[in-house]
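The structure appears below as structure tokens.
Read-outs throughout are calculated quantities, based only on the coordinates presented, and are distinct from any laboratory measurement. In this text the structure is predicted, and so the values were computed from the model without any measurement. Every residue, glycine among them, receives a Cβ derived from its backbone with ideal geometry; neighbour counts consider all protein chains shown.
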Amino acid sequence: MPTPLTRRTFLLSSAAAGLAAGVSTAAAPRRLAPSEKLRVGAIGIAGQGAHDLDAVKAAGAEIVALCDVDTQRKQVLSQRKVYASAKFFTDFRKMIDAGGLDAVIVATPDHTHAPATVYALNANLHVFCEKPLTHTVQEARVVAELAAKKKRVTQMGTLIHAGNNYRRVVEIIRAGAIGPVREVHVWCAKSWGGGDRPAARPPVPPGLDWDLWVGPAPLRPYSPAYVPFNWRRYWDFGGGTLNDMACHYVDLPFWALDLRHPTRVEAEGPPPHAETAAVALTVRYDFPARGTRPALKLTWYDGGRKPAALNAAGMPRWGDGVLFVGAKGMLIADYNNYRLLPEKAFEGFVKPKQTIPNSIGHYKEWVEACKTGGPTTCNFDYSGALSEAVLLGTVAYRSGKAIVWDAKGLKTNDPVADRLVRKAYRAPWKL
């Protein structure tokens with residue numbers, strides 16, 4: 001039977017699909033012997049979902065079920081041929097309720113991350129979910145708490161976390177090579193934003209279940225402006241460049257500096273648009289002191305904006321990246337490289353002893369942990385807090401105010417911002 005509605009529990013229903021609201025009826029997953037393969041169902045099997053699906057299989061899992069709301073998309077048809085023995089569904093709830101799964105991959109647009117993830121966790125399944133973990137701050141908290149309650153193995157798709165470069169940077173920062181860090185700058189040139197709601201109303205393409213694709217978001221007419229790629233620029237489905245990319249880049253200072261919840265967030269960009277994200281944004285986060293680590297100011301830039309410090313003489317002319325500013329120097333990094341600055345001050349620098357093991361692979365780490373009960377580095381406790389911080393930048397921008405964040409109470413100092421921390425679900429979907 002469904003549990004009572006609370007802030008921490010999703011109860012999903014769909015009259016159109018003929019499914020009851022609430023928790024999946026699927027049985028708890030089996031215990032796996034070392035020789036057995038993890039049985040995985042994939043929700044969203046095109047685009048990034050296709051990459052996730054193939055990578056999880058390569059990591060040793062067995063793909064037994066596929067789910068996608070578009071039966072005729074070219075990549076969906078291709079994946080169905082590759083995984084011809086897997087059962088196919090258009091509704092993730094039916095796939096999960098059919099049983100036979102140990103775990104699921106969630107690679108849908110952002111607005112359906114939480115519904116699919118919560119449904120899977122309530123069925124006692126392990127979950128790999130793409131970034132950002134959820135569409136709203138509240139959803140991130142719900143997902144993280146539910147994963148902890150269910151004791152499931154989880155991983156968010158911040159793949160670069162498994163790279164050796166990030167691990168060496170974390171070791172250097174933690175070793176104190178540049179001294180206490182009070183300032184970090186993170187930038188990404190990508191620009192997901194701008195535009196209005198499409199006026200044209202073309203017919204829904206054959207094979208696409210538009211109602212299921214929209215899911216808990218307010219229903220609107222179909223447009224190719226949303227599907228399959230550009231949904232990221234629309235508030236109802238994504239959150240622009242910040243929501244798309246910050247989990248990748250902010251992950252590095254979050255990890256290296258043991259960050260958790262910011263106390264204050266403000267954003268600067270063009271006047272907020274009711275439908276779409278900003279084409280360029282600057283977000284400033286204040287994080288409190290953590291143990292011996294001082295309070296930190298972290299600034300995010302996108303859409304071509306960059307920190308002024310990059311204009312100084314001798315600064316590398318890199319693309320997207322992260323700049324740590326410490327009391328004894330700086331460290332600049334991207335996905336694959338890092339450099340200590342000023343270079344002359346670090347001539348002869350001896351790297352600290354390696355303390356973080358090289359990864360066996362982001363997907364393999366999750367697959368193996370699902371079988372053994374071992375840890376994952378981007379579990380939903382860590383990734384939930386990271387996603388909350390990122391999504392608070394969207395809240396601050398859309399509210400038009402600097403917000404003071406009460407992480408324990410899951411609220412701000414502003415009623416407009418508080419409404420953006422969470423969202424209403426379209427009936428018959430429920431939160």
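Summary table below
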read-out	value
Considering only the chain, percent of DSSP beta bridges that pair antiparallel, nearest 5	60
Extension gain from Q75 to E347, taking 0.36 nm per residue of separation minus the Cα-Cα distance	92.9 nm
Relative contact order computed over the chain (Cα-Cα under 8 Å; 6+ residues apart), in percent	21
Calculated P(r) of the stretch 32-147 - Cα pairs past 23 Å, %	23
Gyration tensor (alpha-carbon) shape descriptor, the stretch 220-378, a/c threshold 1.5	oblate
Relative contact order [Cα under 8 Å, 6+ residues apart], the stretch 221-338, whole percent	18
Furthest towards positive pole of dipole, W187, A114, T154, structure part the stretch 110-205, Cβ charges	T154
Cβ-placed point charges (K, R +1; D, E -1), dipole of the stretch 170-300 about Cα centre in debye, nearest 20	280
Point-charge dipole on Cβ atoms (K/R +1, D/E -1) for the stretch 351-431, about Cα centre, debye to 20	200
The stretch 107-259: C-alpha gyration tensor shape, a/c 1.5 cut-off, then a/b vs b/c	oblate
Only Lys, Arg (+1) and Asp, Glu (-1) charged, at Cβ; the chain dipole about Cα centre in debye	520
Full-extension gain in nm, V82 to A327, via 0.36 nm per residue minus C-alpha separation	82.8 nm
Value of relative contact order over the stretch 145-260, rounded to a whole percent, pairs C-alpha under 8 Å and six or more apart	33
Whether the stretch 153-243 is rounded, prolate or oblate, judged on the alpha carbon gyration tensor where a/c under 1.5 counts as rounded	prolate
Potential lengthening between R317 and T263 on full extension [0.36 nm per residue; Cα-Cα distance subtracted]	16.2 nm
Convex hull per residue volume in Å³, alpha carbons only, for the stretch 40-104	70
Selection from I173, A217, A313, by position along the positive dipole direction of the chain (Cβ)	I173
Over 32 Å between alpha carbons, listed pairs K131/K408; K37/K81; K87/K364; K37/K408; K150/K423	K37/K408
